[in-house]
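See below for the structure under consideration.
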């Protein structure tokens, strides 16, 4: 087995461990690591979205068991985000356009990770538009489409918005982000596989199976140990630095 794949699998396992401890899937960091490894850009979303699904499935189940998922309340967010993620996955982009969108998305994700602690301490943003019945579907649709296109689950964008609007307490927002990542990653992956073809997508999945094993193990460890080993704020800061570094490399190459 290629040593570089094994090294990447270890990095994916570490990423899953950290993200699982705070309720996310890790798609933005998987994409960043894959971009640094110079893989075929068409395989990046497929691999990252499948890793997302593996990691957040367990978290979503745990949130459901604890009664933290308010299905009637989150339904408006999911309503259009799922088809939007599928359409995003179906989008055919040239490599330059894909890498530009990926770089901008990673930059935005990194900035959101840095400012999220300040958002938590800030007051809720006012205005009738946040309570408008179209607010949740609009946010879900936009983030869902981006998620499917570049292979990022979207929770990293959704959570700060919900925190800023005081949509719910932090635990329920984490639960909502977990569900959002899961359903949109599934939809986005479906669109990606339909675009690339099941045989081509299947080849990418088979070729990089150690990555999926890594995130499976890392996600389980993360749910038990990581939150006790490293404060959440440092997890987010270290992740943000990596994401911003990769974004800079993509955008300025």
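The values are calculated or read from the model by the stated rules, or taken from the named source; none is laboratory data. In this text the structure is predicted, and so the values were computed from the model without any measurement. Here the Cβ is made from the backbone with ideal geometry for all residues, glycine too, and neighbour counts use every protein chain on show.
Mind listing just one residue for me: the one in region 84-102 that is farther than 15 Å from residue 148 by Cβ and in contact (Cβ under 8 Å) with a residue 12 or more places away in the chain and, of those, surrounded by the fewest Cβ atoms within 10 Å (Cβ to Cβ)?
Just the residues of region 84-102 that are farther than 15 Å from residue 148 by Cβ, to begin with: 94-97, 99-100.
Okay, now just the ones that are also in contact (Cβ under 8 Å) with a residue 12 or more places away in the chain, so 95, 99-100.
Working: 95: 10, 99: 18, 100: 14.
So the residue we want is 95.
Out of all the residues in region 218-238, is one or more under 21 Å from residue 4 (Cβ atoms) and either modelled with pLDDT of 80 or more or over 19 Å from the mean Cα position of the chain (by Cα) (or both)?
Going through region 218-238, the residues under 21 Å from residue 4 (Cβ atoms) turn out to be 218.
Now drop any that are not either modelled with pLDDT of 80 or more or over 19 Å from the mean Cα position of the chain (by Cα) (or both), which leaves 218.
Within region 218-238 (the criterion being under 21 Å from residue 4 (Cβ atoms) and either modelled with pLDDT of 80 or more or over 19 Å from the mean Cα position of the chain (by Cα) (or both)), the answer is yes, since at least one residue qualifies.
Any idea which of 105, 75, 81 is free of Cβ contacts under 8 Å to residues at least 40 places away in the same chain, in a helix (DSSP H, G or I) and either within 27 Å of residue 172 (Cα to Cα) or out of contact with any strand residue (DSSP E or B) (no Cβ under 9 Å at 6 or more places or on another chain) (or both)? Steps first, answer last, please.
Numbers: 105 fails: free of Cβ contacts under 8 Å to residues at least 40 places away in the same chain; 81 fails: free of Cβ contacts under 8 Å to residues at least 40 places away in the same chain.
Just a single option satisfies the conditions, and that option is 75.
Hey, residue 125 hits all of (1) on the phi < 0 side of the Ramachandran plot; (2) exposed (fewer than 13 other Cβ atoms within 10 Å of the Cβ); (3) out of contact with any helix residue (DSSP H, G or I) (no Cβ under 7 Å at 6 or more places or on another chain); (4) at pLDDT below 85 but one; which does it fall short on?
(3) is the only condition that residue 125 fails.
What are the residues in region 154-170 that are part of a loop (DSSP other than H, G, I, E, B) and either surrounded by fewer than 21 Cβ atoms within 10 Å (Cβ to Cβ) or in contact with a strand residue (DSSP E or B) (Cβ under 6 Å, 6 or more places away or on another chain) (or both), if any? Spell out the reasoning first.
As a first pass, look at region 154-170 and keep what is part of a loop (DSSP other than H, G, I, E, B): 154, 165-169.
Across region 154-170, the qualifying residues are 165, 166, 168, 169.
Can you pull out the residues in region 190-216 that are at pLDDT 85 or above, over 16 Å from residue 34 (Cα atoms) and crowded, with 19+ Cβ neighbours inside 10 Å?
191, 192, 193
Search region 36-58 for residues that are outside any helix (DSSP H, G or I) and pair each with any residue that is crowded, with 23+ Cβ neighbours inside 10 Å when their beta-carbon atoms are under 8 Å apart and the residues are at least 6 apart or on different chains.
39/47
Confirm whether residue 136 is more than 30 Å from residue 34 (Cα to Cα), buried (at least 16 other Cβ atoms within 10 Å of the Cβ), under 20 Å from the mean Cα position of the chain (by Cα) and modelled with pLDDT under 90.
Numbers: more than 30 Å from residue 34 (Cα to Cα): yes; buried (at least 16 other Cβ atoms within 10 Å of the Cβ): yes; under 20 Å from the mean Cα position of the chain (by Cα): yes; modelled with pLDDT under 90: yes.
Here the answer is yes, as residue 136 does meet what is asked.
What about residue 41, is it in contact with a helix residue (DSSP H, G or I) (Cβ under 7 Å, 6 or more places away or on another chain) and under 20 Å from residue 205 (Cβ atoms)?
Details: in contact with a helix residue (DSSP H, G or I) (Cβ under 7 Å, 6 or more places away or on another chain): yes; under 20 Å from residue 205 (Cβ atoms): yes.
Here the answer is yes, as residue 41 does meet what is asked.
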